[in-house]
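Colleague: Would you mind keeping the following structure in view while I ask a few things?
What follows is calculated from the coordinates using simple rules that are stated; it is not laboratory data. Keep in mind that this is a model prediction, so the values were computed, not measured. We place every Cβ from the backbone using ideal geometry, glycine too, and count neighbours over all the protein chains shown.
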Amino acid sequence: MKSVVQVLEAARRAAIAFAVAAMAATVAVLAACAAAPPAPAPAPERSLYERVGGRAAIEAVVEDATGNISTDPRINQRFGAAHIPTLNRHLVDLLCVRLGGPCTYTGANMAAAHEGMFIRADEFDALIEDLEKSLDKFHVPPREKGEVLAILRQMKGSVIDH
């Protein structure tokens, strides 16, 4: 029969052996981590402007939307006196800036530009629908389309009832 001292000595040796094994495993894991190349940083996400195709794509959508608006009986009378090339240029620049592009918008702010027009909410919504038709025509992906429409809808309070 083993003495208490012998049992305690065996337990101590087992504990030391376990501790040494655990430390060796830890060192091996740390060494493997240090030797592994760092994971590449994720590429920065492109701006919405880039994802929709840049200025040329915005110009195409705006030009098509102007055609939709001109035939939309709900709102086409609102644009009868508008100089369409200037309107298109302002809309392209505005969208370019709002979508994160490198453009400069030189038109009036939305509230000032629509002051005295008393545009109704349903008229604003009709314009958004006409723009949405153009986004669909040019196959703008759902995520980007949703983001563009959200940006446009943010302007509603600045456009209606002024």
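Colleague: Please arrange 45, 115, 63 by counting, for each residue, the other beta carbons lying within 10 Å of its beta carbon, fewest first.
Modeller: So the ranking, lowest neighbour count to highest, is 45, 115, 63.
Colleague: Under 1.5 on a/c is rounded, so check that first for the range 62-162, then, if it is not, pick prolate when a/b is larger than b/c and oblate when it is not; a ≥ b ≥ c are the square roots of the alpha carbon gyration tensor eigenvalues.
Modeller: Rounded is the answer for the range 62-162, as its axis ratio a/c remains below 1.5.
Colleague: For each of 148, 61, 159, count neighbouring Cβ atoms within 10 Å of the residue's Cβ, then give the residues from fewest to most.
Modeller: Ordered from fewest to most neighbouring Cβ atoms within 10 Å, 148, 61, 159 come out as 159, 148, 61.
Colleague: Next question. Among 49, 105, which comes first, second and so on when ranked by fewest other beta-carbon atoms within 10 Å?
Modeller: Going from sparsest to densest Cβ surroundings: 105, 49.
Colleague: Same structure, new question: For residue 119, which sequence-distant residues (separation of 5 or more, or a different chain) have an amide H within less than 5 Å of its own amide H, given hydrogens modelled in the peptide plane?
Modeller: Those qualifying (amide H under 5 Å, at least 5 residues apart or on another chain) are 161, 162.
Colleague: Here is a further query. Relative contact order for the range 48-159: what percent, with Cα pairs under 8 Å and sequence separation of 6 or more?
Modeller: With pairs under 8 Å counted, the relative contact order is 36 percent.
Colleague: Right, another one. Which FRET efficiency value, to the nearest 0.05, is calculated for residue 3 and residue 31 with the Förster distance at 45 angstrom and r the Cβ-Cβ distance? Write down the numbers at each step before the final one.
Modeller: Numbers: r = 42 Å, r/R0 = 0.93.
Efficiency for this residue pair is about 0.60.
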